[in-house]
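Visitor: Let me give you the structure first, and then I'll get to my questions.
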């Protein structure tokens, strides 16, 4: 079978059929995917403020979870760790 034949077998409709055979994504994955853009925006905003204001940086690092919550982001350990790393850069 040539590469061209293999590509033809995986057209959009064929891929759609294959995707329908998969089980639904776990609810936690769906929720995380929905929340990710807001979490990224909140973390980016906090990092920018921490870079511009040393007093804010100290306050943020003293209670990262509270800073995330104040931005409307659910304070989870992975997000708190990510924020700490980004601020430390």
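Nothing in this text is a laboratory measurement; each read-out follows from the coordinates by a stated rule. This one's a predicted model, so the numbers in the text were calculated from it and none came from an experiment. Neighbour counts run over all protein chains shown; Cβ positions are idealised from the backbone, glycine included.
Visitor: If I go through the stretch 58-76 residue by residue, how many of them are in a helix (DSSP H, G or I) and either under 16 Å from residue 36 (Cβ atoms) or in contact with a helix residue (DSSP H, G or I) (Cβ under 8 Å, 6 or more places away or on another chain) (or both)?
Guide: Going through the stretch 58-76, the residues in a helix (DSSP H, G or I) turn out to be 58-62, 64-70.
Among the residues that remain, those that are also either under 16 Å from residue 36 (Cβ atoms) or in contact with a helix residue (DSSP H, G or I) (Cβ under 8 Å, 6 or more places away or on another chain) (or both) are: 59-61, 64-65, 67-68.
Here the count works out to 7.
Visitor: Return the residues of the stretch 40-59 that are closer than 14 Å to residue 89 by Cβ and buried (at least 16 other Cβ atoms within 10 Å of the Cβ); say none if nothing qualifies.
Guide: Listed by number, the residues that qualify are 43, 46, 47, 50, 57.
Visitor: Something else: Does residue 19 meet the test of being in a helix (DSSP H, G or I) and touching a helix residue (DSSP H, G or I) at 6+ places or on another chain (Cβ under 8 Å)?
Guide: no
Visitor: Return only the number of the condition from (1) out of contact with any helix residue (DSSP H, G or I) (no Cβ under 7 Å at 6 or more places or on another chain); (2) surrounded by 10 or more Cβ atoms within 10 Å (Cβ to Cβ); (3) in a helix (DSSP H, G or I) that residue 25 does not satisfy.
Guide: It is condition (3) that residue 25 fails.
Visitor: Find the residue count for the stretch 41-56, including only residues that are in a helix (DSSP H, G or I) and over 17 Å from residue 80 (Cβ atoms). Outline the logic, then answer.
Guide: Applying the first criterion (in a helix (DSSP H, G or I)) to the stretch 41-56 yields 41-52, 54-56.
From what is left, the residues that are over 17 Å from residue 80 (Cβ atoms) are 48, 51-52, 54-55.
Qualifying residue count, the stretch 41-56: 5.
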